[in-house]
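Report on one structure; see the data block that follows.
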């Protein structure tokens, strides 16, 4: 069973390796390109002001890795500052960056979903008047570096919850998301996989695929999506069937086998 993994390049390579070890014919087709932030000096200022914040929320693996990659020499994570992660992948990235598990707040391992709403269930007790939160996120290539997160996103919802509880939220962009370049997109593989299984972890990846191959017919392609909102985007693109799965290897494998009919 051929599986097309659409995560950014580094993450896609890890998933391809893991899926091949389970017997899948997995191939990487990154549909999001990760680039440096448009204003790297903002990251330096954020590190200098880190002790002002009681918590930082990292919206993704890439947000965490890019933020720590920009750490100035000698800068240390404040002992009493919490790191918020919306899922296990981001939490694992924070541990790789040097934080202890006890410094990280994330949804429970058995949470129905891994997203901002599930994270809020874990941190709402510490969110109140006086809380200062720094939200570390990405931005789309060519977008204005707005001080606010994308409208309608889960991170915007969480920021609203913090504000309603009496806290304040600042934002910093740690990386830029972009469409793959022409020489970085394997259009031949994408067309040849029109009847295969696809793994999506981002609605933006689906939008990029549709922009890159606007005439493609995906009605014979199956999709596994790691969140219901991503599953809805895949269904709108024409993939069928579309199965939502938690973004952990064991659950993705189960969903892929289900998509293959067992």
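Some points to look at:
- Given (i) 25, 22, 19; (ii) 36, 22, 15; (iii) 33, 20, 17, the label whose value is semi-axes √(5λ) of the Cα gyration tensor in Å derived from this model: (iii)
- Nearest 10 degrees, 0 to 90: helix 228-237 Cα axis against the chain principal axis: 40
- The helix-based estimate of mean residue ellipticity at 222 nm for the chain, built from -39,500 (n - 2.57) per DSSP H run of four or more residues and divided by its residue count, is -10500 deg cm²/dmol to the nearest 500.
- Exposure proxy ranking, count of Cβ atoms within 10 Å, fewest first, for 24, 200: 24, 200
- Helix 203-212 axis, angle to the chain major axis (alpha carbon atoms, nearest 10°): 50
- Extension gain, residue 257 to residue 14, is 85.5 nm, computed as 0.36 nm per intervening residue step minus the present C-alpha separation.
- Relative to the longest principal axis of the Cα atoms of the chain, the long axis of helix 154-164 lies at roughly 20 degrees.
- Listed peptides 87-97, 60-70 appear in the order 60-70, 87-97 once ranked by packing, highest mean of other Cβ atoms within 10 Å at the front.
- FRET efficiency, 1/(1 + (r/R0)^6) with R0 41 Å, evaluated for residue 2 and residue 50 via beta carbons: 0.35
- Residue order, fewest to most surrounding Cβ atoms within 10 angstrom, among 33, 79: 79, 33
- Percentage relative contact order, the chain, counting C-alpha pairs under 8 Å, at least six apart: 20
Bear in mind these aren't lab numbers, they're just calculated from the coordinates by the rules spelled out. Nothing here was measured: the structure is a model prediction, and the numbers come from that model. All Cβ positions, even for glycine, are placed from backbone atoms using ideal geometry, and neighbour counts span all protein chains on display.
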